[in-house]
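See below for the structure under consideration.
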Amino acid sequence: MFNRTTIVVVTALNGMLKDVLFCMLKQMLKDVLKLMNFIEPKNKKAQKVDWMISERVRHMVKYYAEYSEYNESEVVDLLLSNIIDDEKFIDWVKNKRNNKRIVRDLELENILGEENVG
């Protein structure tokens, strides 16, 4: 049914397809690693806070902590740390008239640079 040439061409295409898929997966993995936020050591200056949050959010934190095997405080800390990735928030800090304390408290020196601290 298939001649020898057809089999050789199909085999070559199969090999090329594997190479292309491998390159695509490799690039996707690199992109994911660039976006990934690594977990910092636990030497943070933690303080108790007294916030009112909804029952739904408390359950979300509880079950996410159970799922991720972190405690609830760690889950809240890690999730809220991602606020720094909000470009509109960073722009707001950048445009604040006197933002030195905010930049210092949020450790934004590397993100904003010295020209945006005032």
message: I'd like to verify a number: residues in region 67-118 that are in contact with a helix residue (DSSP H, G or I) (Cβ under 9 Å, 6 or more places away or on another chain), surrounded by 11 or more Cβ atoms within 10 Å (Cβ to Cβ) and assigned to a helix (DSSP H, G or I), how many?
response: 19
- line: Just one listed residue, out of V9, V61, V57, is out of contact with any Ser or Thr (no Cβ under 8 Å at 6 or more places or on another chain), at pLDDT below 85 and surrounded by 10 or more Cβ atoms within 10 Å (Cβ to Cβ), and it is V9
- prompt: Can V49 be described as at pLDDT 80 or above and not basic (K, R)?
  reply: yes
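The values are calculated or read from the model by the stated rules, or taken from the named source; none is laboratory data. Owing to the predicted nature of the structure, the values given are computational and were not obtained by experimental measurement. Using ideal geometry, Cβ is built from the backbone for each residue, glycine included, and neighbour counts are taken over all protein chains shown.
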